[in-house]
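A short write-up of the structure that comes next.
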Amino acid sequence: MKLDVVSREEFDIQQQVLIRTREKLEALTARVEALEATLADKAE
């Protein structure tokens, strides 16, 4: 059985990429919610 193993360095790099991606997603989600709220206020 052959296992595909990544180095600790590669793992740490990918972990940091994931953290940054999650932060960007949260920021974009907040922007969309703010824009939706603004549009809802203007529609009233």
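Each reported figure results from applying straightforward, stated rules to the coordinates on display, with no laboratory input. These figures come from a predicted structure and were not determined experimentally. Here the Cβ positions follow ideal geometry from the backbone for every residue, glycine too, while neighbour counts run over all protein chains shown.
Figures for the structure shown
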{"read-out": "Trypsin sites (Lys or Arg not before Pro) restricted to the chain and DSSP loop, no more than 12 other C-beta within 10 Å", "value": "LYS2"}
{"read-out": "Value of D in µm² per second that Stokes-Einstein yields for the chain, Kirkwood Rh from Cα pairs, at 10 °C (1.306 mPa s)", "value": "119 µm²/s"}
{"read-out": "³J(HN,Hα), Karplus 6.51/-1.76/1.60, whole Hz, each residue of segment 27-44, x for Gly, Pro", "value": "5, 5, 4, 5, 5, 4, 4, 5, 5, 5, 5, 5, 5, 5, 5, 6, 6, 7"}
{"read-out": "Cα centre as origin, Lys/Arg/Asp/Glu Cβ charges: the chain dipole, Debye", "value": "160 debye"}
